[in-house]
Amino acid sequence: MKIKSKKIIWFGAALVILLGYFIWDGYTQPSIKDLPGGFEEVAFVRNEQNKGAIVRIYAVTVQDPHAADYEACADLFPTNDYGSVTKVYFFDKSAAYPTELTLEEPHFDTQKFASLRIVKRYGAKEN
């Protein structure tokens, strides 16, 4: 009976450590706020497609455009397979920027807002 009790204790301890690691890992994931440049997501739109390509459009402001790591920021946004696309529009935080986006091109009023950079990420094509 003593050996069975020790196995339960070791199994419980391993389970607690594993659970603790998952919680720690979940709360320490990098975000756009951790990158240089002062990024902040201000708008997002996604198509309602449940089969096929998913289209995601983001508007992100940049506090310090010269120190910003645009590619690293774009890498943190999700991209799915099957020809999906994620577009991230970057705007200077000190200038006017959109707070709403549309799925139709150009996604925002280009007469009012000027993006600093556009980064696109594409998912893998369907096999």
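Of all residues in region 76-101, those being modelled with pLDDT of 90 or more, surrounded by 13 or more Cβ atoms within 10 Å (Cβ to Cβ) and not hydrophobic (A, V, I, L, M, F, W, C) number 7.
One line per residue, one yes/no per condition, for (1) assigned to a strand (DSSP E or B); (2) among the hydrophobic types (A, V, I, L, M, F, W, C); (3) more than 19 Å from the chain's Cα centre (by Cα); (4) more than 27 Å from Gly52 (Cα to Cα):
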{"site": "Gln111", "(1), (2), (3), (4)": "no, no, yes, yes"}
{"site": "Ser115", "(1), (2), (3), (4)": "no, no, no, yes"}
{"site": "Ile118", "(1), (2), (3), (4)": "yes, yes, no, no"}
{"site": "Ala124", "(1), (2), (3), (4)": "no, yes, no, no"}
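State which residue pairs qualify: first residue within 15 Å of Leu101 (Cβ to Cβ) and inside region 51-68, second residue among the acidic types (Asp, Glu) and assigned to a strand (DSSP E or B) in any location, beta carbons under 7 Å apart, and separation of 6 or more residues or different chains. Final answer for the pair search is Tyr58/Glu41; Val60/Glu40; Val60/Glu41; Thr61/Glu40.
The single condition among (1) aliphatic (A, V, I, L, M); (2) in contact with a Lys or Arg (Cβ under 9 Å, 6 or more places away or on another chain); (3) surrounded by fewer than 17 Cβ atoms within 10 Å (Cβ to Cβ) that Ala124 does not meet is (2). One residue stands out in region 11-64 among those that are within 18 Å of Val119 (Cβ to Cβ) and assigned to a helix (DSSP H, G or I): the one that is modelled with the highest pLDDT, namely Lys33.
The values are calculated or read from the model by the stated rules, or taken from the named source; none is laboratory data. Given the structure is predicted, the values throughout are model-derived calculations rather than measurements. Here Cβ is always computed from backbone atoms with ideal geometry, including for glycine, and neighbour counts include all displayed protein chains.
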